[in-house]
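First comes the structure, then the notes that go with it.
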There are 2 protein chains.
Amino acid sequence: MTSAEPRPDDSRPASPPRRRPGGRTARIRTQVLDAVLAELGEHGYDGLTMDAVAARSGVHRATVYRRWGDVGGLLADVLDAASEDDWGPPDTGSLRGDLAALNHEIQAALTAHPPIVMALIAASFRSEKADRAQQRLWEDRYARCELVVSRAIGRGELPPRTDARRLLIAATAPVYHHLLLLRTPPDPRLPEHAAETAALAASAGAFTEFPPAGDA
Amino acid sequence: MTSAEPRPDDSRPASPPRRRPGGRTARIRTQVLDAVLAELGEHGYDGLTMDAVAARSGVHRATVYRRWGDVGGLLADVLDAASEDDWGPPDTGSLRGDLAALNHEIQAALTAHPPIVMALIAASFRSEKADRAQQRLWEDRYARCELVVSRAIGRGELPPRTDARRLLIAATAPVYHHLLLLRTPPDPRLPEHAAETAALAASAGAFTEFPPAGDA
């Protein structure tokens, strides 16, 4: 569940492999979004300009302005494009394994060079449009990850009334917290630890939903 | 453990009550840091300028430039000043209660108006100096919170070899994750839920340290 484009160690992560083929419009979008990511990776949000993106993409400046409006519009489209892939959560056969694999993906994305995912998240603190698009992407990714929980319920690893979203956030939040907020050096054991903690808490009933009437 | 100045609902949170009294230097610092917070609360990082801070504080512009250098220097000093208070973690008599009270403080700080803590964290994505100071403040706050864990060990609620930092991060990370990254509306049950999850995981042994030799 990377928070932006899928492949953390691909320098051109913004071109989803299954984007609908053909069409000048689609081709222009790919060129422009690739250029946004390349510029963002090199210069960060502060160095991102409409003109540099136009120049790098080879797309006419007027087209870039007309279609994306401003830097926030470009970032929002990069984030929206990330949801067009066919990413799915890892399937390792156990809850703990799935959560650990997910956390490894997150850690890889957040520590990738160039730091595109970091730059997109940082941008979401500054651009309203990027912020809303980043929220849509988080929602998309967490929704897809609910499969990890339903599979664990199917295997009898978790009670049927497990709150998938809370479990997923408990499992992944420490990785984001360390790398995005505390900015501690990546700890290779952290993905496993956080997964194990959430799985243990889940077995202890921490995420079991109560029927709405009995809710405190 | 608010991530910035102590009192989340105080509009002048930057003047630590126990700052060493007297002295023109100390008085100037208080005036300037108060002005930084007021400007930040009103205009955010983008609207924060040396000149506006000088004007608002009533301190000579040249003094502000000489002593703080730039906006990053001002923010870093605001963050460093936050560590000069005598904040301590809540003491409710139980691990779960302490963690929940801590999470309530964090949630209050992150949803306060004006959004000073949010603005400081956002600034840490943009200014190297603010980033380093924010890291020092996280470290200070988490170190003080270790008392919550040692008290729980003393009461026999936790095994002696509990990794305090990991437990504290598991308990608090979901609150930060929701409010700072996912930007979901504050959920009044979240502070309790996250505390309960971490306490359950702790009882299940999730944070028990192994002797170094047996470490994987």
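Calculate the dipole size of chain A relative to its Cα centre from +1 charges on Lys and Arg beta carbons and -1 charges on Asp and Glu beta carbons; express the result in debye to the nearest 20.
Details: 26 positive and 29 negative charges, 132 e Å.
Here chain A has a charge dipole of around 640 debye.
Mean residue ellipticity at 222 nm from the helices of chain B, using -39,500 (n - 2.57) per DSSP H segment of n ≥ 4 over the full residue count, to the nearest 500 deg cm²/dmol? Before the final figure, lay out each step's value.
Details: 9 runs with 127 residues, N = 216.
Rounded to the nearest 500, it is -19000 deg cm²/dmol.
How large is ³J(HN,Hα) for each residue in the stretch A:117-133, as worked out from phi by the Karplus curve 6.51 cos²θ - 1.76 cosθ + 1.60 (θ = phi - 60°), to whole Hz, x for Gly and Pro?
Values, residue by residue: 5, 4, 5, 5, 5, 4, 4, 5, 7, 10, 10, 4, 5, 5, 4, 5, 5 Hz.
Sequence-distant or interchain residues sharing an amide H contact under 5 Å with B:Thr208, placed H: which?
Under 5 Å from the amide H of B:Thr208 lie the amide H atoms of B:Asp163, each far enough along the sequence or on another chain.
Each residue of the stretch B:141-148 in order: what ³J(HN,Hα) in whole Hz does its phi give by Karplus 6.51 cos²θ - 1.76 cosθ + 1.60, θ = phi - 60°, with x for Gly and Pro?
Using θ = phi - 60°, the values come out as 5, 5, 5, 5, 6, 4, 4, 4 Hz.
What are the distances, in nm and sorted shortest first, from the label point of A:Arg27 to the label points of the same position in each other copy, with each label point placed 7 Å from Cα along the Cα-to-Cβ direction?
List, nearest first: 7.2 nm.
Between B:Ala108 and A:Ser94, what is the spin-label point distance in nm, taking each point 7 Å from the Cα along the Cα→C-beta axis?
Distance between the two pseudo-spin positions: 4.2 nm.
Ranking B:Ile169, A:Ile28 by Cβ neighbours within 10 Å, fewest first, what do you get?
On the way: B:Ile169 26, A:Ile28 17.
Ordered from fewest to most neighbouring Cβ atoms within 10 Å, B:Ile169, A:Ile28 come out as A:Ile28, B:Ile169.
Sort shortest first the distances from A:Gly154 to its counterpart in every other copy, using label points 7 Å along the Cα-to-beta-carbon line, and give them in nm.
Those label-point separations list as 5.0 nm.
With the contact rule set at Cα under 8 Å and sequence spacing of 6 or more, what percent relative contact order holds for the stretch B:95-208? Walk me through the numbers on the way to the answer.
On the way: 106 pairs, mean separation 45.0, N = 114.
Normalised by residue count, the contact order of the stretch B:95-208 is 40 percent.
Express in nm, to one decimal, how much length is gained between A:Glu139 and A:Thr63 on full extension, taking 0.36 nm for each residue of separation and deducting their alpha carbon distance. List each step's numbers first, then the result.
Values: separation 76, 0.36 × 76 = 27.36 nm, distance 3.02 nm.
Gain on stretching A:Glu139 to A:Thr63: 24.3 nm.
From the phi of every residue in the stretch B:39-48, what ³J(HN,Hα) in whole Hz does the Karplus formula 6.51 cos²θ - 1.76 cosθ + 1.60 yield, where θ is phi - 60° and glycine or proline is x?
5, 5, x, 7, 10, x, 4, 5, x, 8
Specify whether the C-alpha gyration tensor of the protein assembly as shown places it in the rounded, prolate or oblate class, a ≥ b ≥ c being the square roots of the eigenvalues: rounded for a/c under 1.5, otherwise prolate if a/b is larger than b/c and oblate if not.
Values: a/c = 2.03, a/b = 1.01, b/c = 2.02.
Judged from the Cα gyration tensor, the protein assembly as shown comes out oblate (a/c at least 1.5, b/c at or above a/b).
Suppose R0 equals 45 Å. What FRET efficiency, 1/(1 + (r/R0)^6) with r the Cβ-Cβ distance, do B:Arg27 and A:Asp80 give to the nearest 0.05? Intermediate values should be presented prior to the final figure.
Numbers: r = 51 Å, r/R0 = 1.14.
Efficiency, rounded to the nearest 0.05: 0.30.
Just how far, in whole angstrom, is the stretch B:133-193 from the stretch A:105-135 if you go by their alpha carbon centroids?
Comparing the Cα centres of the stretch A:105-135 and the stretch B:133-193, I get a distance of 24 Å.
Which value, in debye to the nearest 20, describes the size of the charge dipole of the protein assembly as shown about its Cα centre when Lys and Arg Cβ atoms bear +1, Asp and Glu Cβ atoms bear -1, and nothing else is charged? Don't skip to the answer; put the middle values down first.
On the way: 52 positive and 58 negative charges, 165 e Å.
The calculation lands at about 800 debye.
What are the distances, in nm and sorted shortest first, from the label point of A:Glu42 to the label points of the same position in each other copy, with each label point placed 7 Å from Cα along the Cα-to-Cβ direction?
Copy-to-copy label distances for A:Glu42: 4.0 nm.
Specify whether the C-alpha gyration tensor of the stretch A:68-151 places it in the rounded, prolate or oblate class, a ≥ b ≥ c being the square roots of the eigenvalues: rounded for a/c under 1.5, otherwise prolate if a/b is larger than b/c and oblate if not.
Because a/c hits 1.5 or more and a/b exceeds b/c, the stretch A:68-151 counts as prolate.
Give me the one-decimal nm value for the distance between modelled label points at B:Ser150 and B:Arg183, 7 Å along each residue's Cα-to-Cβ direction.
4.0
Whose amide H sits under 5 Å from the amide H of B:Glu84, counting only residues 5 or more places off or on another chain, with H placed in the peptide plane?
none
Among B:Ala170, A:Val59, A:Thr197, which residue has its Cα positioned farthest towards the positive end of the charge dipole of the protein assembly as shown, with +1 placed on the Cβ of Lys and Arg, -1 on the Cβ of Asp and Glu, and the dipole taken about the Cα centre?
Farthest towards the positive pole: A:Val59.
With unit charges on the beta carbons (Lys and Arg positive, Asp and Glu negative) and the dipole taken about the Cα centre of the protein assembly as shown, which residue among B:Leu95, B:Ala81, B:Trp138 sits farthest to the positive side?
Positive-most Cα among the choices belongs to B:Ala81.
Where a number appears in this text, it was derived from the coordinates with a stated rule and is not lab data. Computed from a predicted model, the values in this text were never measured in an experiment. Every residue, glycine as well, gets a Cβ built from its backbone with ideal geometry; the counts of neighbours run over all protein chains shown.
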